[in-house]
Structure formats: C-alpha cells, structure tokens
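Each value in this text was obtained by applying a stated rule to the coordinates, not by laboratory testing. Predicted model, so just to flag it, every value in this text is computed and none were measured. Note: ideal-geometry Cβ built from the backbone for every residue, glycine included; neighbour counts use all protein chains shown.
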Amino acid sequence: MQQLLAEQEREFYDEQYRQFLELPDADLVCNRRTLAAGLADPANPSYERRVVYQAALEYLLSEPLTGRTALDYGCGTGDWGLMLAGEGAAVTLLDLSPVAIRLGLRRAAASGVAGRVRGVARDASDLSCFGDGEFDLIFGSFALHHTLKYPRARDELLRVLKPGGRLVLVETYGNNPLLNAARIVRRRVSREPAEQGEGIILNDSDLDALRPLVGELEVYPVNLLAMGKRLFRGRLSRRWARGVVRGLEWMDERLLAAWPFLRRYCGEAVIIGRKRR
Ligand SMILES: C[S@@+](CC[C@H](N)C(=O)[O-])C[C@H]1O[C@@H](n2cnc3c(N)ncnc32)[C@H](O)[C@@H]1O
C-alpha cells in the first residue's frame, strides 16, 4: 500500500512540476526578495497563504542562517530552500519527485546559489542517506501531512535534526470540524486528486505525538474566518475578492485577540520546534 501511494504521489507531483522546467532561467530565480514579492502579488498562488507564510518567513529570518545546514522537507518548487540558500545556509532540497529536485537545482543555478544547494529525490520515510543530527534547521511547507502516513517518517525527520536545531513547519491545521467538513466537500466537488494530500490534516493529536520527541513545540495558528479565502482561489487578482478576504482577516484579528481559545480552530499554522539537546 505504502509503495503504491508513494509511486502515485511521485507521478502526480512530477507532472505538476514538469511545466516549470520549460521556463527561462530569468523566471526561475528565487531569493528572499522574489519570495516576498510573490506574497505581495495577488496573481501569485502564494498570495493566498501570505499570512501564514509571512509569519514563517519572519521566524526563519530571526536567527542567523549563514553557514547553517538546512533541509527543505518536501520542497516542491524549492522556493523556501532557495531563499534559505540566498541567506547563506547550506541547503538540501528533499522531495519524492525527481522533477521537483531537477527544477530546484536549475533554480539554484539561476539564482546564483548552486554551490550551496544539493538535491535528494527520496521518500522521506527513509532518510538513511543523512546522518543523525545532520541539519541545524528543517523547514517543511505543507509537506508533513503527506509524509505522516508513513510510520517511520516522523522518527526519521527528528533523527536528522541536530540537538538544539530548529524545526519550522507551515501546515493546514485541522481541529475545526466545520472547516474539515468544508474541506471534504470542496475536495469532492472539485474532484481534487487524493495525491494532493488534503485528506490528511494535521491536528493537535498529531502535534502531541511529536511533542515528546522534539522538546519544545509552539503552534501559531492563523486564519479562522479568513479561511473563507479558499472560496476565492484563483480570483484574488480581483479587487472585490481581495476586499472580502481582507475584511475576514480584519475580523479574525479582533476575534482572536478577544477570544484566544478560538485559535485552535484556525485553519493554518506555523509550528516551531527545537530539538532537545
Ligand atoms: C503540497 S506539496 C508542498 C510543496 C512545497 N513545500 C510548497 O509548499 O509549495 C507536498 C510536497 O511533498 C512531497 N512529498 C509527498 N510525499 C512525500 C514523501 N513521502 N517524501 C518526500 N516528499 C514527499 C510532494 O512531492 C510535494 O512536492
């Protein structure tokens, strides 16, 4: 079963990423500036996630990166790993999809950081190619919920993190039964392929299982009403759609400040861990 699922996911993501290999080098450049520009551009797909990404970016940049070893876990198009390399980290891009890795390495060359980036196409449930404690920092964006279904993935992730190292995850957050039901309906209506991984959503019990292994683990949930943004996916270039989403974000700010217990029902989170020394 695991073999079949991994194979299906690999094929699915290979197909998703292949189109980017056609782009000219100038369009493949990625660094802190291009990442931030993408978050501010309503036509860019990352705009929809800008609140959670902005929080992750600020945290990642809050400690020095020069000379640190970093793993971009389930890197996809590699934007985050390449940004970290641009800030001086020695980065490993890891993904099940060999096309993602090919793309990431081409982007590294286009971005002038090829000397600080290596790529590994591999299933994250077996990281035996890396030593214990090899990474100072492990970053994963919407990737852990893909790998947690493999029993060894969690142990492998934490094995390769250095004692005292940072784990930074950006994830969908699944304590809210209403949001979870809406996700199921949306998946069925849009006939979203299972490989997209929306069927598994990280919740507090997954994080509780991680907690004793990591040491410190903080969760910063964002977007409650603003998860309504999903209804406007692909339409955020339109001023009215952005206006609605900003209105929902404005209401969230006030609601969550007044009733902090509502945070656990938010739909996305930045999760920050530090491995016990
Ligand atoms: C939703 S995408 C996120 C990609 C990227 N981090 C981002 O935020 O755009 C999930 C990624 O996890 C990768 N993935 C899925 N299962 C994996 C596994 N078992 N081992 C390594 N990577 C995996 C997929 O190939 C895909 O690139």
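Couple of notes before you dig in:
- Compactness of the stretch 2-275 - radius of gyration and Dmax, Cα, Å: 18.0, 51
- Gaussian network model of the chain, springs between alpha carbon atoms under 10 Å - residue of ALA43, ALA258, ALA182 with greatest fluctuation: ALA258
- Burial ranking of peptide ranges 85-94, 98-107 (average Cβ count within 10 Å, highest at the top): 85-94, 98-107
- Here the simple spin-label model places points 7 Å from the Cα toward Cβ, and for GLU11 and TRP250 these points are separated by 4.9 nm.
- When the charge dipole of the chain is built from unit charges on Cβ atoms (+1 for Lys and Arg, -1 for Asp and Glu) and taken about the Cα centre, the candidate among GLY74, ALA269, LEU167 whose Cα reaches farthest toward its positive end is ALA269.
- Spin-label model, ILE184 to ALA36: label points 7 Å out along the Cα-to-beta-carbon direction sit 4.2 nm apart.
- Packing-based order for 74-80, 12-18, using average beta carbon neighbours within 10 Å, highest first: 74-80, 12-18
- Amide H contacts under 5 Å for GLY215: ARG276, restricted to partners 5 or more places along the chain or on a different chain, H placed in the peptide plane at 1.01 Å from N.
- Of all DSSP bridge pairs formed entirely within the chain, close to 40 percent run antiparallel.
- The chain: most fluctuating residue of PHE232, PHE261, PHE139 per GNM, C-alpha cutoff 10 Å: PHE261
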